1. When only alpha-carbon atoms count, how far does the stretch B:294-339 stretch along each of its three principal axes, as whole angstroms with the largest first?
2. Among B:Ile792, B:Pro737, B:Trp703, which residue has its Cα positioned farthest towards the positive end of the charge dipole of the stretch B:665-821, with +1 placed on the Cβ of Lys and Arg, -1 on the Cβ of Asp and Glu, and the dipole taken about the Cα centre?
3. About the Cα centre of the stretch B:290-409, how large is the charge dipole given +1 on each Lys and Arg Cβ and -1 on each Asp and Glu Cβ? Please answer in debye to the nearest 20.
4. Would you work out if the stretch B:656-708 is rounded, prolate or oblate? Take a ≥ b ≥ c from the square roots of the eigenvalues of the alpha-carbon gyration tensor; rounded if a/c is under 1.5, else prolate when a/b is larger than b/c, oblate otherwise.
5. Using only the C-alpha atoms of the stretch B:779-818, find the volume of their convex hull and express it per residue in Å³.
6. What number in nm² do you get for chain B if you take the convex hull of its Cα atoms and divide its surface by four?
7. Where the only charges are on Cβ atoms (+1 Lys, Arg; -1 Asp, Glu), what is the dipole of the protein assembly as shown about its Cα centre, to the nearest 20 debye?
8. In nm, to one decimal, how far is the modelled label at B:Ser532 from the one at B:Ile359, with both set 7 Å along Cα→Cβ?
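What follows is calculated from the coordinates using simple rules that are stated; it is not laboratory data. As the structure is a computational prediction, the values presented were derived from the model and not from experiment. Cβ placement follows ideal geometry from the backbone for every residue including glycine, while neighbour counts extend to all protein chains displayed.
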Amino acid sequence: MPEPRIDLPQGTLDLLILRTLSLGPQHGWAISERIQQISNDVLQVQQGSLYPALHRLERRDWVKARWGTSENNRRAKFYELTKRGYQRLEIETDAWEKLAAAVGQVLRTT
Amino acid sequence: MLRDLLFRLRCLVRPRQVEMELDDELRFHMDKQIEKFVNSGMTLQEARCQARLAVGGIDQLKEECGEAHGVYFLQTLFRDACFGFRTLRKSPGFLVLSVLTLAIGIGTSTAIFSVVNPILFKSLPYPHADRVMMIWESRSDGPPLFVTYGTFHGIVERSRSFDAIAVAKPWQPTSIGGDRPERFEGQRVTPGYFRALGMLPTMGRDFQAADDQFRGPRVVILSDTLWRRRFASDPNIVGQQVRLDDDLFTVVGIMPQSFENVMAPTAELWAPLQYDPSLPAEGREWGHHLRMVGRLRDGVDKEQARSELNVVLAGLAQTYAKGYDSSGGAPNGMVVRSLQSDLTKGVRPALIAVLGAVILVLLIACVNVTNLALARAIQRNGEFAMRAALGASRHRLLRQLLTESLLLAIVGGALGMVVANLGVSTLIALSPPGLPRVNAIHLDGAVFAFGFCLTTLVGILIGFYPALQASRSDLHTGMQQNSRRTTDSRRWIRRALVVSEVALALVLLVSAGLLLRSLKRLLSVDPGFDGSQLLTMQVQESGHRFDTAAARNHFFAEALDAVRHVPGVVSAGFTSQVPLSGDYDVYGAQFEKDNSSSGDGAFRYAVTPGMVETMRIPLRRGRLLDEHDSAGAPVAVLINESFAKQKFGTEDPIGQRLRLGPDAGHADRPWATIVGVVGDVKQESLAVGEQNAFYIPTTQWPWAENVLSLVVRTQGDAAALAPAIRSAIWSVDKDQPIVRVATMNSLLAASEAQRHFALVLFELFAVVGLILAAIGIYGVLSGSVTERTREIGVRAALGATRRDILSLVIGQGMTLAVLGVGIGLLGAIAASRTLVTLLFGVSQLDPITYLTVIVLLLGVAAVACGIPGWRATQVNPSITLRAE
């Protein structure tokens, strides 16, 4: 029985996508599968938010997209991090950790 | 940044390709999902179904991706605009009414603002224009007076409040040469004039103290336009000589093109005043005919300047007691007013009233368009509920509606600009004489921006309410055609809008009615003479051959003789001033019986025999002037009825003696004798009555005038005789300029031009307001009849007669109208207070006006109710009931 799913807080989807892509270029479906797997099915990314997010990241020049072939030889759109994307990932990871630590601290002490 | 732009650009330029790629991407995702489900043991059918459910609305997803591309906004806007156009086109009635209403509202308000802005609100085109002051002498009774040179001279010597101070008077030199003499408009000024305004010549130099000496050098400064027109922009003009009135004047400077001479807008040249600084008591130096302007020193305010001038004046009154006696007594004090408020004082009430009226029109227009938009929103209730059900967000609905109303507003605004442009030129053409800064009026950028902001604002305001309503109403009730609750609240608002429209229209109508009745009253005022078939023109003598009084009188006598022989001329005479022509002379009159050294001010008419007869001014007592009252004979004077009554009461004034003008207060001067009393004549305005006046033969006045006005009574059309009369005068001397040719009736009309101007605009606005209000009532009622078709059908089925139904609908409409009239009455009573200065002979609460307007408004409302009412009676119960 998987743990109940949690809605992603605003803005964390971008971070998750960037992190997933830092391991190498991926297409959209793989990104969502990967996030679901790693989080033991706690985090499930809806297509409804995944693709708008990817396109937004592309516009901001944090990821770039190119068409390639998938494992079973189908045309698929692969996303990979740009240099600015890596920088962004660092900033966001940092910010997230600080936030998580701070929130944890507060929850523990009160 | 650049990437971002390229990305957006690609989406914008190649939307098809971007969309295809998105399709591919999503299909790939879907297939993977199906594959996954199949692998986990579902049938293909089941897997497809599940995958589709997981994705959710594919179109919604695409839309969101599009939004992420950052160009979606523009696309949506474009799509909304196209859609808006289509829907608007489907209801042409709504489109035409809204656009026209907006165009009229925005157009008229922009036009009026264009006219009012430079006159009332923009500062004058001078540096630190707020420091430029007009200065007047004042007596305890009556309006401020022009200053005398004596007062000016003393103030220059003793006052410390001003950086520069100057006086100016009109000057109309003639240039002879060519086939027709040309008379220029100009000013005689003291050297500080341009410095007081803060302007300097671009070429040459300003006037200096040395220029303004008694019998000093003849120098002249030209305006830029005159320099271009008469001297072909000659760059070497400074130092050259020009011939004016038979004298050679040296050009010393050219004023810049940007110089706007607001005190005398038509003046094209300036020469030094050159009055006698020894201030002889009997000279022109003590006549009230100079306009004084000064620039306040830094740190001195208007009040300080005034109190300082009053102290100076008290000293002057002692030093120059004799001089002040001949000018009609020393003034009690000085008046200091900013040049701007001084200039606009006369037109301010009319302009403010017109501005108020146009704001009312704009309000009515906005209310009307809101009303129309609201009616449409109600009709489209179902449509919007359907859109919301299909997944349109509230935000999206709002945007659609806002786009539509902005579209309306922009189209209306564009048309409004056309109206504004036409309006401005019409207003300039209609503008009353004496409207200051007419040259500065144009549809400028600021006004255009004002109009455009207004358009957008109106658009947003109008769009706001229906959009909120449509997106707020819950889907379920919206989908059901008859949602009672929501339409009720909206119906209430629409009724309130109609009530306010009627109220606003009433305010406009009452104001227009009051003005109309005032003007009617005014034009029926007896001017004191017979203005029909009367022609007037100004004749001037120019040149040194007229330096002696005898030569002057001789010319006018010969000219008069020539005019009398023109066929069609009944009689003719010369006078120093024409009633209602806009200018006037006031001189002192000291009566023997008063035993006082100073005199009363009175209008002076220096006339030739025949003038009073020509004007048909009635003789009350004694005799008129004739040929025997000439130079050398005992001085004979006529006074008017009011003066006679004021001075002599019931006594007979004939034979009484008085001293006039420069003779007043001088015991060594001979007395003149009153030989007759004539009826009062309106000099300044039809609205001002009972002013003192006297008539004296031109040949018996202490000096001979070089400008006189001819009045001619004609048979038939007066204007048609003008060329013949002109050539008769030129047959005596072809070099004498003749200007201001006008029939007396046109002068009469022009004298009330300001009221007429306000009236025309008010009438126009009132009619527009009335029509808009009628449209509003009609719109609400016809909408209400449509909504209540079923109810009416039921009523009819249950036995209501046509009369019952008609009275139901009309009663509903008339309740609104009566309510609006009630509220409007309060508004009109408040608004009419601002009109008081424009009214004449009519109380601001004139019951006839109020009654007429109420009857008119209710009548129009009844007609507007009647049409939907009639439609309601045509409802066939069997059809409507089945249709539901």
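1. 35, 19, 14
2. B:Ile792
3. Dipole of the stretch B:290-409, to the nearest 20 debye: 500 debye.
4. In terms of gyration-tensor shape, prolate.
5. 54 Å³
6. Across all orientations, chain B yields a mean hull projection of 53.5 nm².
7. Dipole about the Cα centre, nearest 20: 3960 debye.
8. With each label point 7 Å from Cα toward Cβ, the separation is 4.5 nm.
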